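Some notes on the structure that comes next.
The values are calculated or read from the model by the stated rules, or taken from the named source; none is laboratory data. Keep in mind that what you see is a predicted model, and the values were worked out from it rather than measured. Virtual Cβ from ideal backbone geometry, glycine too; neighbours counted across all protein chains shown. Please note that ligands, DNA and RNA were not included when accessible areas were found on the heavy atoms of the full protein model with its side chains. Shrake-Rupley method; radii C 1.70, N 1.55, O 1.52, S 1.80 Å.
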Amino acid sequence: MAKEQIPSIPASIIEPFLSRPLIVEPDGLDKAPTIVGTETDRVILAAGNAAYVRGMGNSKEESWYVFRRGGPLVDPDTKQTLAYEAIYLGTARLDRPGDPSTVVLTSAVQEVGAGDKLVAAGRPQPISYAPHAPSKPIRGRVISIYGGLGGVGEAGPQSIISINRGARDGLEVGHVVAIYSLGGSVRDVSKTSGSSDASIKLPDERAGLAFVFRVFNRVSYALVMKVSRPVSPLDVVQNP
């Protein structure tokens, strides 16, 4: 059923996200290689500039992603911090190993400076573009809109959302999930104001579908595909 409901997956949109670090575990920055200095004491680095990095050890990796820790991804239900978003800054190439190592920035989409972190680029993970429904019941929430400001904003088609469910909950790459806007409540004017049954909970309304393309232990990322209304943080995610 999911194959019929969801359009073909635009690979060009999600492929840049398949190997980049999208999240950082709460303690995941403790041991990450760190930019500790820059050539000629530059405050801001751009493509072509060199930087000095501690923490690479004897790594033979040549290509690295540069990032910094972003805002927390907080479970809307438990209020627990599941992870932190990783803000992608650019790429770097190992120029001279050692302690410190020397790297050269090969690209920069944001300003890079001392304190920023590096993660080995690795290879993009193969992905199944055959959408399918989860085989077990899934019910979670939209945590945030990727690139948005915290828990605000709205997502339309081909936006990327984070979900407070991951591998430990049974989510897998290729799963299609339905998104429902939370139903509000209205006052039943036929009831006495203040009575226990004066407020009526409206049903959740289906907003669209999303394709799960990156799965971490407690968090997943999905591409919003078909929508009938804007998707917002706190919206419900469940089996289609």
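Summary table below
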quantity: Some residue of the stretch 87-103 being within 21 Å of V219 (Cα to Cα) and not polar (S, T, N, Q); calculated: yes
quantity: Only listed residue being in contact (Cβ under 8 Å) with a residue 60 or more places away in the chain, within 20 Å of G166 (Cα to Cα), open to solvent by less than 70 Å² (accessible area, probe 1.4 Å) and among the aliphatic types (A, V, I, L, M), chosen from V119, V74, V112; calculated: V74
quantity: Selection from the stretch 18-49 of residues that are modelled with pLDDT of 90 or more and over 15 Å from L89 (Cα atoms); calculated: V36, G37
quantity: Residue count, the stretch 73-110 (criterion: among the acidic types (D, E) and modelled with pLDDT under 90); calculated: 2
quantity: Failed criterion for G151 (all others in (1) surrounded by 16 or more Cβ atoms within 10 Å (Cβ to Cβ); (2) modelled with pLDDT of 90 or more; (3) in a loop (DSSP other than H, G, I, E, B) hold); calculated: (2)
quantity: Failed item in (1) touching a Lys or Arg at 6+ places or on another chain (Cβ under 8 Å); (2) without any contact (Cβ under 8 Å) to a residue 12 or more places away in the chain, with T106 passing the rest; calculated: (2)
quantity: Pairs where the first residue, in the stretch 197-221, is open to solvent by 80 Å² or more (accessible area, probe 1.4 Å) and the second is of a type in the set (F, W, Y), C-beta under 8 Å, 6+ apart; calculated: E205/Y180; R206/Y180
quantity: Positions within the stretch 56-71 being assigned to a loop (DSSP other than H, G, I, E, B) and either under 16 Å from V112 (Cβ atoms) or open to solvent by less than 20 Å² (accessible area, probe 1.4 Å) (or both), in sequence order; calculated: M56
quantity: Complete set of residues in the stretch 9-21 that are open to solvent by less than 50 Å² (accessible area, probe 1.4 Å) and part of a loop (DSSP other than H, G, I, E, B); calculated: I9, P10, L18, S19, P21
quantity: Residue list for the stretch 22-45, restricted to those being open to solvent by less than 50 Å² (accessible area, probe 1.4 Å), assigned to a loop (DSSP other than H, G, I, E, B), within 21 Å of S107 (Cβ to Cβ) and among the aliphatic types (A, V, I, L, M); calculated: L22, A32
